[in-house]
Amino acid sequence: MATTLPSCPTPAPAARAICPNCGASNRAAARFCIGCVSPLEPAKPTPTRKTPIPPSQFAATVECQRVESLAESDRRRAGVVTTHTLPEGTTIEGFQILRPLGEGGFGIVYLAWDSVLERHVALKEYMPSQLAVRGADSLGVSMRSERHRGTFDAGLKSFLNEARLLARFDHPALLKVFRFCEAHGTAYMAMPYYEGPTLKESLASKTSSPSEQQVREWLHPLLDALAAIHQERCLHRDISPDNILVTTTGPVLLDFGAARRVISDRTQGLTAVLKPGFAPIEQYGGALTQGPWTDLYALAGVVYYAITGQLPSASAARVVSDAYQPLSGTFGVQFSERFLQAIDAALSLRPEGRPQDVAEFRALLDPLPMADPVLEVPPMRLVETMQPGECHARPGATDAGAASGESAPSEPVEWMTTTHAGLSPERVNHARRGNRSVLAPE
């Protein structure tokens, strides 16, 4: 059976310079005729038909120019293979690799088994794919080019510093680091193995936006985690829906991404540092100071994304033309106005317009608890029951009266009082001897 091959387009003939004197055909770039050596006019390029490019259905959040890094240029020219993961069964400092869980541009996360404590852990390996590579038959990490050694070492130092910082915290909504170490030319950190989707995945699986109660259920634990970080004079600076894990026990704020920022700063990878919509204007550089209000902007951006299903306007674009649409007055049916106003305040473009710390943000989110009303306690009466035949002196009664042989009352005797300070010593002693005493409102 004959097979019909698709026809290839015939290439357009190259432009030629025709000599007007002798008619000889010359190269387009020739200045003199090859036949009669007469001067030639430059050949006019052959017109080509331009095919219109259809507009993309996806609009970029921020228009920017993509700058190719040196490492990307090296990899494109050399055609090298990307990072290799560690083979299953490899043991790293007592952790046995079971399988990779995920791989990014700056690291690989494995499911590993802790043979000492007999538990599963997530083992993260520092592996910036644009700088380093591992051979197919080796555990060691080597540089793609020695000129990247300084950038790799700076990222490695930042990776270890972040692991050391996270190991100091013990908060259920903050990523915990059990151990960290250096081995095979790189570094590793062992963390709990969390099961669950990211907040971005969880929101995408829903058919409608969450309720205010549902948002508060993961917002307040994350605020607690930020308060713990800020108390140590640290900032997260990488909060986004894909950096929050939703587990059965609550949300978990994942790593800081410090190594990524260091490497991106050094290699000029403009598209790999900040996340438009969640990064406030002070993270783009300049004279504005970063602080707790920086993380609160990002977290408020996550709430905005959960409510609207869209990214907030990028802060860099808002400087030129602020097209931010406030939540208050728009989503007042599903959410309380006070809650929406608090999110709008935390998303203020200027840092001074936002709540300055977690405590201020909470005060905007939740009204201050009202003081307990002062209740007027009605006068109390002590109801004392006397046993039949028992005689007890009334307040103010004299010994003479008691000796006169007055008969004991046949029904209980009540005295009006408000406190024990108004009781006679005889009544206090009578109560201590086991007689029933009941305080009841009048």
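Below is a table of values for the structure above.
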{"quantity": "Over 21 Å between alpha carbons, listed pairs 157/200; 176/206; 124/176", "calculated": "157/200; 176/206"}
{"quantity": "Approximate spin-label separation residue 24-residue 290, in nm, with each point projected 7 Å along Cα-to-Cβ", "calculated": "6.9"}
{"quantity": "Residues residue 195 and residue 93, FRET efficiency given R0 of 30 Å [Cβ-Cβ distance, rounded to 0.05]", "calculated": "0.80"}
{"quantity": "Summed side-chain charge close to residue 193 - residues other than residue 193 whose Cβ falls under 12 Å, Lys, Arg +1, Asp, Glu -1", "calculated": "+2"}
{"quantity": "Projected label distance in nm at residue 168 and residue 183, using a 7 Å step from Cα toward the beta-carbon", "calculated": "2.6"}
{"quantity": "Amide hydrogen neighbours beyond the local backbone of residue 101, cut-off 5 Å, H modeled", "calculated": "109, 110, 111"}
{"quantity": "Cβ-based net charge around residue 327, under 10 Å, with every Lys or Arg adding one and every Asp or Glu removing one", "calculated": "-2"}
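Bear in mind these aren't lab numbers, they're just calculated from the coordinates by the rules spelled out. Quantities reported herein were computed from a predicted structural model and do not represent experimental measurements. Cβ: placed from backbone, ideal geometry, glycine included. Neighbour counts: every protein chain shown.
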